[in-house]
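Read the figures in this text as sums done on the coordinates, not as results from a lab. If you're wondering where the values come from, they're calculated on a predicted model, not measured in any experiment. Glycine also receives a Cβ, built like all others from the backbone with ideal geometry; neighbour counts cover every protein chain displayed.
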Amino acid sequence: MTILCATRGGEHAIYAQQKAIELATERNDDIIFFYVTDVSFLNHAGAAILVDVEAELDKMAEFLLLMAKERAEKAGVKADTLIEHGVFRNALKRAAVNIDATTIVLGTPDETSITEREFIDQLAADLHNELGIEVVIADNP
């Protein structure tokens, strides 16, 4: 069984990572920590800039994911990492299907995020309905 834990880094993302680690420990599941880079906001920039920005975002994602993986492994959980590109919702669905995820863990936005809680709730419902996968939302304390 595999838990796909979407993460974005930062203090609030640790709550989702910790929830995934707790679930994996209880269920004896593996975890894949997942990060999506999306440079579509740079559509009008030159190709060289897009490649540079995407490469830098990927480096940051690798670092954040390795920290999460290390926390999971310290808790005795087998973990791996996955970075995808594109629109978050589409990339998450693709990854869930490709790795045959049995559970998806999503975090909630913090007060500075442009993402609304309603988006997360709707995404969770859509993923469950479309893929038949359990989706757990890890609320921030």
Relative contact order of the range 2-138, pairs being alpha-carbon contacts under 8 Å that are 6 or more residues apart, as %: 33 percent
So, in nm, how far is label Asn90 from label Asp52 when the simple model puts each one 7 Å beyond its Cα toward the Cβ? 2.6 nm
How far apart, in nanometres, would the label points at Val97 and Arg27 be if each is projected 7 angstrom from Cα along the Cα-to-Cβ direction? 2.1 nm
Express in nm, to one decimal, how much length is gained between Glu134 and Ser113 on full extension, taking 0.36 nm for each residue of separation and deducting their alpha carbon distance. 5.1 nm
Ignoring everything except DSSP H segments at least 4 long, calculate the 222 nm mean residue ellipticity for the chain; use -39,500 (n - 2.57) per segment, divide by total residues, nearest 500. -16500 deg cm²/dmol
Farthest toward the dipole's positive end in the range 2-138, which of Pro109, Phe88, Gln18, given Cβ charges of +1 (Lys, Arg) and -1 (Asp, Glu) about the Cα centre? Gln18
If every Lys and Arg gets +1 and every Asp and Glu gets -1 at its Cβ, then about the Cα centre the chain yields a dipole, in debye to the nearest 20, of 220 debye
Ranked highest first by the average count of other Cβ atoms within 10 Å around their residues, in what order do 76-82, 1-7 fall? 1-7, 76-82
Max mean-square fluctuation residue, GNM over the chain, Cα-Cα springs under 10 Å, options Ile104, Ile31, Ile120: Ile120
√(5λ) per eigenvalue of the Cα gyration tensor, the range 2-138, largest first, Å: 24, 18, 14
Within a Gaussian network of the chain (alpha carbon springs, distance under 10 Å), most fluctuating of Thr103, Thr25, Thr115: Thr115
Burial ranking of peptide ranges 61-69, 15-23 (average Cβ count within 10 Å, highest at the top): 15-23, 61-69
